[in-house]
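The values are calculated or read from the model by the stated rules, or taken from the named source; none is laboratory data. Computed from a predicted model, the values in this text were never measured in an experiment. Don't worry about glycine lacking a Cβ; one is built from the backbone with ideal geometry, like all the others, and counts go over all protein chains shown. For the accessible areas, the whole protein counts, side chains as well, though only heavy atoms, and no ligand, DNA or RNA atoms are used. Shrake-Rupley method; radii C 1.70, N 1.55, O 1.52, S 1.80 Å.
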Amino acid sequence: MNEDIYFEISDSGDSIRICIIDVENSQAEIECDTYWLKSKIIAKAGCFSGNFNAHLEKYDF
């Protein structure tokens, strides 16, 4: 996983980070199918934290 590429918002120790892992389908025949990114979302709020995988479009940023 490439966690070097990410977008993060944080304040007072709480944060949400979106890590870009890879392009979902770089060989797609339809251009809009190449817009999807495999991502990992990491959230921390107080004593709670969690992470999950997500498929986001590059236009979500």
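When averaged across all projection directions, what area in nm² does the alpha-carbon convex hull of the chain cover? Could you put the intermediate results ahead of the total?
Working: hull surface 17.8 nm².
The orientation-averaged projected area of the Cα hull of the chain comes to 4.5 nm².
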Exercise. Excluding Ser10 itself, what net charge comes from residues whose Cβ is under 10 Å from its Cβ, given Lys and Arg +1 and Asp and Glu -1?
Worked result: -1
Problem set entry | Total charge dipole magnitude, the chain, about the Cα centre, Cβ charges on Lys, Arg, Asp, Glu only, Debye to nearest 20 | 300 debye
Exercise. Which ³J(HN,Hα) values in Hz, rounded to whole numbers, follow from the phi angles of the stretch 47-57 under the Karplus curve 6.51 cos²θ - 1.76 cosθ + 1.60, where θ = phi - 60° and Gly and Pro get x?
Worked result: 8, 9, 8, x, 8, 7, 8, 8, 10, 10, 8
Problem set entry | Cα→Cβ-extended label distance, 7 Å offset, between Cys32 and Tyr59, nm | 0.7 nm
For this session: Please report the relative contact order for the chain, taking Cα pairs under 8 Å with a sequence separation of at least 6, and give it as a percent rounded to a whole number.
Result: 27 percent
Problem set entry | Cleavage-rule hits (GluC sites (Glu not before Pro)) in the chain: DSSP loop, at most 15 neighbouring Cβ within 10 angstrom | Glu3, Glu29
Problem set entry | Accessible area (Å², per residue) of the chain, counting only protein heavy atoms and a probe of 1.4 Å | 77 Å²
